[in-house]
Structures are given as C-alpha cells and as structure tokens.
Amino acid sequence: MKVLACFDSFKESMSAKDAGEAVKSALDDEVEIIPLADGGEGTLEALSDGLKGTYYQVEVTSPNFKHVCARYMIAGDLAVIECAQACGLDLLAENEKNALLTTSLGVGEMIVDAYHHGARRFMITLGGSATNDGGIGMLSALGIRFLDEHEQDVIPNAQGLGKIAIIDRNNYLFQNEEVSFIAACDVENPLLGNNGATYVFGPQKGLSKVNLETVDQAMAHYASLSEETLGQSFRDIPGTGAAGGLGYAIVSFLGGRLEKGFEIVSEMVCLDDAIKQADIIVTGEGSIDRQTLSGKTPYGVLMHANRYHKPVVVFAGKVKDVHMLKEAGFQDVICINEEIKDLATMLKEGPKSLGKAVRRYFHENR
C-alpha cells in the first residue's frame, strides 16, 4: 500500500515534515511525505523541499521597532517570504502586543534584501502578523513615503495612518523594474468595517476595543488617499484585510494578487501528482473542527483527493465536530491523544502520539 502523508504543522508540537516522518516511522508501507501549509506560519518550510531553494537570513526591524533575524528562501528568481518572520505576533511578549504601535517595516526590508539577491518574483505569506498598519511599514522600506501635513514621515504603524497627508512614490524601489507579487492568505476579509482588518483581527493583536473605531477611521483615511493617488479602489477586495492591511498594500501599491495559500503551496509541491499515485492519504494539523471546512489544509487535501476518488484520514491533537467532518468526506477523523494530559506534555509527545495513532489505525483497518 502506498501512503501519502501530507500534514500541516501541529503548532508548538511538530512541523509538517516531522508529522510526515512520524507516519513513515510508524508504518511498514511505502510512505511519501509532502509537507503542506495554508499560507500561514510553516509555509516556508513546507515549500523548501519541493522548490529546493536557498535560505537567506537578514536582520530586519521587528514589529516593535527593535531587531529580529528573519529567514526567507529564494528558488530561481522567486523569493518566498513569511511576513511572520519579520512582524509575527510570536515575536512579541504578551505586554508588547499592541497593534496600534507595531510595524510591517521588516517585511519590506526582507523584500529589499531578496531583491539584491536576485529575486524578481515575490510570494509573501500573510499569516500570523502582529500589525495593523495597512502595510505602510512594508511600503516605506520600498521607498514609498507617507508624509504628514508638515511633509515629515509619519511613524509607519497604525498611529501614523490618520496623520498621512501626502503619499510620495518618487523613490519607489521598483519604479522601473519588472517584478511581481503574490500574497498567500487564508482569509477573505476586506480592509475596512466590521468584517475588516481592525475590527476582526485587531483585538487578538492587542488593539484595545476603545481604539477600534478610531483606527478603522484612520485606515479608511489612508485608503482614500491611496486610491486618490492610484486612481483605483481596492478596499473591498476579499483578503485586503489580511495581516492588518498588508494584503491591501500588496494589491494596491505593488500591483500584486491575493490567492488562497493552500492552493499556491499545493501547486508548487505538485500535490495532485502525489495523490494520483497514492492508495490512501493521511493529513492533519494541531486542531480540527468545523472551521477546518473553511479552507484549512486538511480540507484542501480532501478536495484535491476527491478529484481522484482517494480516501483521506485526518489526525489531530484536538478533535471536535467529528460527524460534520465525516459528512464532508473524510474517511475517518482520529484524535492522536489517547488520554488527556497537561498541554505541555501532549505537545512534547506529539510525534510519538501521532505515530502510535497511525500505527493503530492501519492495523485495525487492513
């Protein structure tokens, strides 16, 4: 039997590749491993084996205007950049999380560094950001200036959005260059309003509820000035609210496009070719429930497997809504934790627990 192991990462427990290796170690069958991701954290690692690119490290501005060492990959002229490497929520201590003050400047600095290493196509993953600056931090690093009424540069964070009076693109780095941008995201939120970047994602990034309306209005001011400058409206495009408006900046100023992260990754790693060759597919991530059906990696795997009538079994550390998931088409839904232990222990034992669960499942279902 040929088994295809194509997992997303189990956050804080094991990478997508580690999960695949746990399956391979547990079975005597032929196992092919294809790490996957949906455009959030882990996308860089998921693509590294398939693209066989070169990793680079660069010191950039962190979300709280300090310094962080960020890693990205170049394959040919394609740079794969995780925004979370430069402005991720995980880079901040709890008392530092405040989307009013954080910046995406480091993402732009990564783009510049990749450009100087030969990249001309840029894939930017938008998951896990700590920012709500509309992307002005990233754009500032690329030479676009956001000036106040005194023609001074505003601070490139959410506080600066409402103070912008002039947008100066004269020093834009890619003014005369043929470059392209694609942003991988797994949300469809627009830039503004109750379903936009600020109201939906701001609170989880430490933005106080009393500031939501003010920041959303400042974001609207920025969007109006941007669209006056560019001669076109972008604010209602699904996904422009991703990463605190980083999606908006990529679509508008950089002329990029937004795509589902899973579909980009699955195409790059030739997932369909592997599915065709497999007898059964195993997939999963840290937690699965009804939200999985909104486009998470296991559901993406299921949709691709259905094209070739291949069964899919999903494994996770935390499982809910089993009946709904089976109705959606998963052959089985398995929790890898036989007994409930403290979270730290279950995370540490993740690979071992996954291996045991897979071995047991295949033994019982031969």
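The values are calculated or read from the model by the stated rules, or taken from the named source; none is laboratory data. These figures come from a predicted structure and were not determined experimentally. For neighbour counting, all protein chains shown are included, and Cβ atoms are generated from backbone atoms with ideal geometry for every residue, glycine included. Surface accessibility is based on the protein's heavy atoms, side chains included, excluding ligands, DNA and RNA. Shrake-Rupley method; radii C 1.70, N 1.55, O 1.52, S 1.80 Å.
Observations, loosely collected:
- Pair-distance profile P(r), taking every C-alpha pair of the stretch 218-268, with 5 angstrom steps and integer %: 5, 20, 29, 22, 11, 6, 5, 2
- Relative contact order for the chain: 19 percent, from Cα pairs under 8 Å spaced at least 6 residues apart, divided by residue count.
- Whole-number accessible area per residue in Å² for the stretch 173-227, which is evaluated in the context of all protein chains at 1.4 Å: 47
- In straight-distance terms, cross-link reach from Lys352 covers every one of the lysines whose alpha-carbon lies under 26 Å from its own, apart from those fewer than eight places away in the same chain; here that gives Lys2, Lys11, Lys17, Lys24, Lys296, Lys318, Lys320, Lys326, Lys341.
- Residues of the stretch 307-339 with amide N under 19 Å of a point placed 7 Å along Cα→Cβ from Lys2: 307-313
- In a DSSP loop and with at most 15 other Cβ atoms within 10 Å, the chymotrypsin sites (Phe, Trp or Tyr not before Pro) in the stretch 293-366 are Tyr308.
- Residues in the stretch 231-366 average 48 Å² of solvent-accessible surface per residue, probe 1.4 Å, ligands and nucleic acids excluded.
- Probe 1.4 Å - accessible area at Lys97, Å² to nearest ten: 50
- For Lys205, the lysines whose Cα comes closer than 16 Å to its Cα, not counting residues fewer than 8 places off in the same chain, are Lys97.
- Accessible surface area normalised per residue over the stretch 32-164 is 36 Å², counting heavy atoms of protein chains with a 1.4 Å rolling probe.
- Across the stretch 1-123, the relative contact order, built from alpha-carbon pairs under 8 Å that are at least six residues apart, equals 20 percent.
- Qualifying trypsin sites (Lys or Arg not before Pro) in the stretch 282-343, DSSP loop, other Cβ atoms within 10 Å at most 10: Arg307
- Kirkwood radius and radius of gyration were both taken over the C-alpha atoms of the stretch 28-123, and their ratio Rg/Rh is 1.05.
- In terms of its C-alpha gyration tensor, the stretch 50-102 comes out prolate, because a/c is 1.5 or above and the ratio a/b outweighs b/c.
- A Förster radius of 51 Å, combined with the Cβ-Cβ distance separating Arg120 from Asp342, puts the computed FRET efficiency at roughly 0.55.
- Beta bridge orientation in the chain: antiparallel %, DSSP, nearest 5: 35
- From helices alone, the chain scores -9500 deg cm²/dmol at 222 nm; the rule is -39500 (n - 2.57) for each run of n ≥ 4 DSSP H residues, then divide by the residue total.
- Of the solvent-accessible surface of the chain, computed with a 1.4 Å probe over protein heavy atoms with every protein chain present, carbon and sulfur atoms account for 45 percent.
- Global geometry of the stretch 226-353, whether rounded, prolate or oblate, following the gyration tensor of its Cα atoms and the 1.5 cut on a/c: prolate
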